[in-house]
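Taken together, the values in this text are just the output of simple stated rules run on the coordinates, not laboratory data. Not measured: the values here are computed from a predicted model. Cβ placement follows ideal geometry from the backbone for every residue including glycine, while neighbour counts extend to all protein chains displayed.
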Amino acid sequence: MERPAPLSASEREELRSLASQRQARVEARTADLFAFRPVERPLLIVNSALYWLFGLDPETVPDEYLTDPAVMTAFQERNQLEQLRDIEDDYVPYVMPWFGTVVGASALGCKIEFVPRQDPAADPTYYPVQTPDDVYRLKVADPEKDGLMPTVLSFLRYMREHSVLPVGITDFQGPLTTANQLMGYDKLMYLMYDDPRAAHALMDVVTESLITWVKAQKSVIGEPLDYCISDQQVYMGPHAGVWFSDDDAVLISAKLYREFVVPYNSRILSAFGGGAIHYCGNATHHVGNFLATEGLRALNIYTLHNLQSIVEMQRTLQDKVALFVCDFTPIDYSTYFDEFVSTINPRGTVICSQYSPVVGLLPGGKYNAIKRPLR
């Protein structure tokens with residue numbers, strides 16, 4: 001795909017104005033969300049203005065998306081403008097540098113592969129940490145020198161200087177996911193059983209690296225430690241300072257998670273005044289662990305169409321932890337939305353649908369979000 005044309009002066013002003021109006025409107029609803037006040041409906045997000053590449057037609061991805069911050073910024077801004085023009089939901093737009101889910105791991109030794117027009121990924125045949133000795137040789141990552149971190153910082157600087165939108169931190173994989181990227185699932189699990197001291201040492205250096213990394217990004221974009229523009233397209237603002245992905249939570253026992261993950265997740269969340277954790281799938285076996293995680297303000301859960309798991313989570317977490325209930329919209333969107341709205345308790349809840357089939361939102365449709373604000 002050719003380089004996307006930067007927004008014109010009039011388009012930039014339109015984007016700035018629409019984004020500002022949207023954020024002002026959503027801020028009050030978000031305050032209700034985190035205060036667990038009774039609401040008539042949950043916050044609703046129907047979004048296809050994505051920053052990641054997987055799921056997109058490769059022909060729509062600019063060749064220089066990952067090499068030129070001007071291209072990434074223009075691509076994201078134009079998508080955001082089209083989203084705001086067409087759909088009146090509760091999405092608050094922002095831009096962020098996207099380099100896959102491997103930035104933290106790259107700074108700690110993972111080899112990264114760049115496949116044209118796809119997300120960067122860790123080389124699955126190479127793991128830099130093989131033994132406890134390798135663990136003890138690890139050093140806290142330097143954001144100005146290590147892996148993809150310097151590149152991300154350069155994109156952040158460009159976006160802050162040139163975009164009319166708020167700038168968010170790049171994708172943030174938490175301690176467990178990053179440790180798995182460094183060792184592989186099997187070796188990390190064996191390490192937890194065979195040498196728990198080394199496993200804790202690994203989680204410690206990863207955690208300190210990630211805290212250092214987020215602080216460096218916030219310093220560049222001018223974002224306070226206890227403020228985060230968004231968690232995977234769900235606005236948080238002053239209610240949470242950070243978010244990170246913990247997808248591997250669904251694969252680990254509650255006992256191991258409590259010992260080797262909860263303390264390190266708590267350390268990160270506490271360092272930023274509280275925050276949100278994302279995972280895809282079903283982690284109902286960790287509900288007690290989530291309650292024991294210091295600073296946990298919200299869970300961002302891609303349900304993978306398992307709404308019953310959300311019902312189970314709400315039974316225990318209602319009025320304690322906000323839930324961002326997200327998923328990828330199926331073709332049968334009407335039944336999908338019916339089930340979501342009728343199943344989920346709206347208090348303390350966001351419903352977020354990604355890759356929305358916009359045709360389903362055209363005027364006259366049951367879930368028409370065009371020309372009819374979701375208020």
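Points worth noting:
- Note, ³J(HN,Hα) from phi for region 207-220, Karplus 6.51, -1.76, 1.60, rounded to Hz, x at Gly and Pro: 4, 5, 5, 5, 4, 4, 5, 5, 4, 5, 5, 5, 5, 5
- Long-range Cα-Cα pairs in region 15-126 (distance over 20 Å), rounded percent: 54 percent
- Residues in region 89-94 carry Karplus couplings, in order, of 10, 10, 7, 10, x, 6 Hz; the curve used is 6.51 cos²θ - 1.76 cosθ + 1.60 with θ = phi - 60°, and Gly or Pro positions show x.
- Within the chain, the proportion of Cα pairs with more than 27 Å between them is 48 percent.
- Highest mean packing comes first when the peptides 140-147, 214-221 are listed by Cβ atoms within 10 Å, giving 214-221, 140-147.
- Relative contact order (%) - the chain, alpha-carbon pairs under 8 angstrom, separation at least six: 19 percent
- Using the rule -39500 (n - 2.57) for each DSSP H run of four or more residues, divided by the residues of the chain, the 222 nm mean residue ellipticity is -13000 deg cm²/dmol.
- Relative to the current alpha-carbon distance between Ala254 and Asp338, full extension at 0.36 nm per residue lengthens the span by 27.0 nm.
- Förster radius 41 Å - calculated FRET efficiency between Glu113 and Leu18 (Cβ-Cβ, nearest 0.05): 0.65
- Table column - 3J(HN,Hα) (Hz), region 148-165, Karplus curve with 6.51, -1.76, 1.60, x for Gly and Pro: 7, 4, x, 5, 4, 4, 5, 5, 4, 4, 5, 5, 5, 6, 10, 8, 8, 9
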